[in-house]
2 protein chains.
Amino acid sequence: MGRVTADTTTAGERILAGLDLWAEWATATQRAIVGAALESFAERGFHGTSLKHIAQGSGLSTAALYVHFASKEELLFALSRRGHAIALDLVRAAAADPDPATAVRVLVYAFTRWHAEQRTTARVVQYEQGALTAAHAEVIAGLRRDTERVVRGLLTRGAEDGAFTVPDVRGASAAVLSLGIDVARWFVPGGPWTPDALGLLYAELAGRMLGMPA
Amino acid sequence: MGRVTADTTTAGERILAGLDLWAEWATATQRAIVGAALESFAERGFHGTSLKHIAQGSGLSTAALYVHFASKEELLFALSRRGHAIALDLVRAAAADPDPATAVRVLVYAFTRWHAEQRTTARVVQYEQGALTAAHAEVIAGLRRDTERVVRGLLTRGAEDGAFTVPDVRGASAAVLSLGIDVARWFVPGGPWTPDALGLLYAELAGRMLGMPA
DNA sequence: GTCTATAAATTGATAGAC
DNA sequence: GTCTATCAATTTATAGAC
């Protein structure tokens, strides 16, 4: 493993270790509900999930769920908001590196690895926005805009100081994020890559895309 | 516009023009149903779509739908199968070019542009597989494996004859497909790119990823 | 082939006892 | 805070008239 690779892994792991999806839910019951909802939303989608699924997955009756959440949609919203906040934290932490080339490598590594390791959460985050109420969707859209802005800012910085050669910063940002996001759709544990290996590979491919010297 | 760019556009447009999603549905009624189902499945997902949505979208009663399709799931299956067949045709046509570098550029251009232009169809194709019965899902999985095999074959060919420098053919194939597929998730007409411009940009970015000389 | 009417099951959510 | 029981609405699908 080369120096750049080792550094990317180390920095990326530090960022990933700092993320805690569960911070918002304190009790065991809350966590059981949120965990069951995550599993079912990821597997069947929001509309394909009934309260019965969530109740059985968490060992409660459907009526008991309403003590903890006002509605099925509120449960999705809480989950989606927390997941988006985590993703934003991840991207911000990576982009904070003063060297744009390092920042991009670490960002793509950690973002990709997160989408592979936290595939369940990531699927809900990336693919269930359409089920939110208009008001809730607007909150989530704001978090997504923030994330995209951080990536565009990083690519702009790298392009200006000559670290990258990018024909279209906005388009390259979309491409970089797409690589990681789409992992949540197709990745299955036990396949040809570990999340770590896939993150490193995609970090290299993204570096090439941006015209970074190997 | 450079020569390579112009050639990519021309070849890609020829491929796209040869695709006909509707060939399978002959009558105006069938097309109205399929069109309404596509719209609603893409917007709300399969489970978020009721027969009432499809009936109203096609100007029929829910009962009349059953004259043309055995069930809601059979309708999704027919749609998904046709869309996957189209995507496979597209990829095969592009990969047939004897020059691997040209083939990759044309493939990414056409695949990306299709996901932008046919965003409605592409969303159903890429994101509604989970709603299929096990037997139907297996048919679709076969078409997806074929598509991936074509791309991996092309990248292997290009790597062997020196057109590309790819560290991991399988991983690079996944990345190339992800770029196009994820377009169906985020692309909205009227944004910063036309489907044509996005296809050209992504063809260039994919070329860089594969170590192709500009 | 299309309609109205309706069946049979499931859904999200609430009432009230403990 | 959890349960059983239940409501009101909606869902997929069918029956039968035209």
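The values are calculated or read from the model by the stated rules, or taken from the named source; none is laboratory data. None of the values given here were measured: they were computed from a predicted structure. Please note: Cβ atoms are built from the backbone with ideal geometry, for glycine as well, and neighbour counts cover all protein chains shown. Calculation scope for accessible area: heavy atoms of the full protein, side chains included, ligands and nucleic acids excluded. Shrake-Rupley method; radii C 1.70, N 1.55, O 1.52, S 1.80 Å.
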Report summary line: Inter-copy distances for A:Arg149, nm, shortest first, label points 7 Å along Cα→Cβ, are 4.8
Report summary line: When A and B pair up, the total accessible heavy-atom area removed from solvent (1.4 Å probe), in Å² to nearest 100, is 2500 Å²
Requested in this report: Go ahead and collect, in residue order, the members of segment B:76-101 whose backbone nitrogen is under 16 Å from a label point 7 Å along the Cα-Cβ direction of B:Thr10.
Outcome: B:97-99
Report summary line: Quick calc, the protein assembly as shown, dipole around Cα centre from Cβ unit charges on Lys, Arg (+) and Asp, Glu (-), nearest 20 debye, gives 460 debye
Query raised in the report: Given the options A:Ala26, A:Ala95, A:Ala175, which has the most mean-square fluctuation in a GNM of chain A, springs set between C-alpha atoms less than 10 angstrom apart?
Result: A:Ala26
Report summary line: If labels are modelled 7 Å from Cα along the Cβ direction, A:Ser61 lies from its partners in the other copies at nm distances, smallest first, of 4.1
Report summary line: The computed P(r) of chain B puts the percent of Cα pairs beyond 22 Å at 51 percent
Query raised in the report: Using a label point 7 angstrom from Cα along Cα-to-C-beta, what distances in nm, from shortest up, separate A:Asp99 from the other copies?
Result: 3.8
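Using a 1.4 angstrom probe on heavy atoms only, work out the carbon and sulfur share of the accessible area of segment B:124-200 in %.
The nonpolar share, carbon plus sulfur, comes to 57 percent.
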Report task. Determine the relative contact order of chain B: mean sequence separation of Cα pairs under 8 Å and six or more apart, normalised by residue count, in whole percent. Result -> 26 percent
**Report entry** Calculated FRET value between A:Glu73 and A:Arg31, using beta carbons and R₀ = 25 Å, to 0.05
**Finding:** 0.80
Report summary line: Taking a probe of 1.4 Å and leaving out DNA, RNA and ligands, the protein assembly as shown shows per residue an accessible area in Å² of 42 Å²
Query raised in the report: Rg(Cα) of the protein assembly as shown divided by 2.2 N^0.38 Å?
Result: 1.00
